[in-house]
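Since the structure comes first, as structure tokens, the remarks are kept for the end.
The values are calculated or read from the model by the stated rules, or taken from the named source; none is laboratory data. Here the structure is a predicted model, which is why all the values come from computation and not from measurement. We place every Cβ from the backbone using ideal geometry, glycine too, and count neighbours over all the protein chains shown.
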Amino acid sequence: MDLKTILWYLVLFSVTAAYLIVLAGVRSAKTHDVSHHSHRMMVGCAIAGIWLLAYVLKQLLFGRESFRGSEAQYWSLYVPVFAAHMLLAVTTIGLGAYNLYMGLHHLRYGSVGAMVAGMTTHRRIGNALVWTFSGTMVTAYLVYLMLFVWFQG
């Protein structure tokens, strides 16, 4: 197995692991288990950071993959899915970083109860992040399948 394939698998594995851990953190928040919620969210964010580093490294070392389907498939399938993926990914990273900061700020200043006592900004952004991160994951796998499985030229 070459380095490029190993990096792709690392990218897919790490972002999937981060997603599953973050979903476990969301479940902890819904059951008002604040200590597990904060721990799982920090671990999920750390793994997402590893993912970001691996993805950037892969892009720097090997460049972008080219779509090998027809031009009609490129414009009608790949471009809309990739554009949606990029929009969702950028939104998720930005909102996620802000929400992580807010959650850590709540923990640092002892207002952990604020996270479960109604619909705080942290909670509302967290609810939106479940959807943007889920959309990012779905479109990421679709992009991967279009580049490496479905359209082989």
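The number of residues in the range 1-49 that are within 15 Å of residue 96 (Cα to Cα) and surrounded by 17 or more Cβ atoms within 10 Å (Cβ to Cβ) comes to 15. Residue count for the range 142-153, restricted to those that are free of Cβ contacts under 8 Å to residues at least 24 places away in the same chain and surrounded by 14 or more Cβ atoms within 10 Å (Cβ to Cβ): 0.
Please work out which one of (1) modelled with pLDDT under 85; (2) surrounded by 17 or more Cβ atoms within 10 Å (Cβ to Cβ) is the condition residue 89 fails and give its number. In the conditions (1) modelled with pLDDT under 85; (2) surrounded by 17 or more Cβ atoms within 10 Å (Cβ to Cβ), residue 89 misses (1) alone.
Of the numbered criteria (1) modelled with pLDDT under 95; (2) in a helix (DSSP H, G or I), the one residue 132 fails is (1). Evaluate the following for residue 63: is it out of contact with any helix residue (DSSP H, G or I) (no Cβ under 9 Å at 6 or more places or on another chain) and either surrounded by fewer than 18 Cβ atoms within 10 Å (Cβ to Cβ) or without any contact (Cβ under 8 Å) to a residue 12 or more places away in the chain (or both)? Judged against the criteria, residue 63 is a match. Of the residues that make up the range 14-35, is at least one part of a helix (DSSP H, G or I), under 14 Å from the mean Cα position of the chain (by Cα) and modelled with pLDDT under 90? Scanning the range 14-35 turns up at least one residue that is part of a helix (DSSP H, G or I), under 14 Å from the mean Cα position of the chain (by Cα) and modelled with pLDDT under 90.
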